[in-house]
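Just below is one structure, and these are the notes that go with it.
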Amino acid sequence: MSDTLDEMHAVALVLNGAPVAAQVDARTHLGDFIRHTLGKTGTHIGCEHGVCGACNVMVDGRSVRSCLMLAVQADGCRVDTVEGLTASGAIADLQEEFVRRNALQCGYCTPGMLATAAEMLRGPKLSREAIRDGLSGNYCRCTGYQAIVDAIEAVMLRRAETAS
Ligand code: FES
Ligand code: FES
């Protein structure tokens with residue numbers, strides 16, 4: 001059994017718009033693969049059992065807990081981390097709003113919060129309550145959430161106004 005888990009597997013995916021390929025053992029989760037093999041340390045690892053949301057990244061456009069997905073399961077997928085979301089400018093307005101409203105303190109939860117928010121911002125305009133609900137899988141030990149919800153709500157309203 002352990003021989004199978006230790007066996008190396010080829011994984012090829014598109015990370016932040018660029019193709020990458022590497023060998024990985026079957027038990028490595030996507031978060032560790034992104035950080036330790038691919039060297040993108042913007043993704044943070046907290047609980048490692050799907051509770052805190054610190055590890056959230058985008059996989060094929062959906063926010064995913066990278067500690068609950070094996071790296072081999074991401075073969076053939078498009079993965080976007082906070083580095084890619086930043087470089088593309090896709091969440092520049094959200095990041096500005098986070099800074100403006102002090103929606104981060106230690107910043108440990110922030111990459112995961114941004115990934116979750118990025119997915120929310122792709123959908124229809126949400127009520128404040130629905131934004132809170134959408135963030136319920138992301139823990140923040142510093143901010144009390146208010147400023148984070150404020151920032152997402154402000155960007156959501158602004159984007160909706162721009163689109164109409
Ligand atoms: Fe993945 Fe906490 S590290 S949910
Ligand atoms: Fe510190 Fe959220 S800013 S955990």
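Name the shape class, rounded, prolate or oblate, that the alpha-carbon gyration tensor gives for the range 29-86, where a ≥ b ≥ c are the square roots of its eigenvalues, rounded holds for a/c under 1.5, and otherwise prolate holds if a/b is larger than b/c and oblate otherwise.
rounded
For the range 21-164, report the convex hull volume of the alpha-carbon atoms normalised per residue, in Å³, without decimals.
Looking at the range 21-164, the number lands at 105 Å³ per residue.
Using the Cβ atoms and a cut-off under 10 Å, what net charge is assigned to the surroundings of SER127, where Lys and Arg are +1 and Asp and Glu are -1?
0
On a 0 to 90° scale, report how tilted helix 110-122 is relative to the longest principal axis of the chain, with both axes built from alpha carbons and the result rounded to the nearest 10.
With both axes taken from Cα atoms, the answer is about 70 degrees.
Quick check on the exposure proxy: order ASP80, ASP75 from fewest to most C-beta atoms within 10 angstrom.
Final ranking by Cβ density, sparse to dense: ASP75, ASP80.
Between LEU135, VAL24, SER66, whose Cα lies farthest towards the positive end of the dipole of the chain when Lys and Arg beta carbons carry +1 and Asp and Glu beta carbons carry -1, centred on the Cα centre?
LEU135
Given Cβ point charges of +1 (Lys, Arg) and -1 (Asp, Glu) and nothing else, what value in debye, to the nearest 20, does the dipole of the chain about its Cα centre take?
In debye, rounded to 20, the chain gives about 520.
We did not get these values from a lab; they are worked out from the coordinates using the rules stated. These numbers were taken from a predicted model, which means no experiment stands behind them. Please note: Cβ atoms are built from the backbone with ideal geometry, for glycine as well, and neighbour counts cover all protein chains shown.
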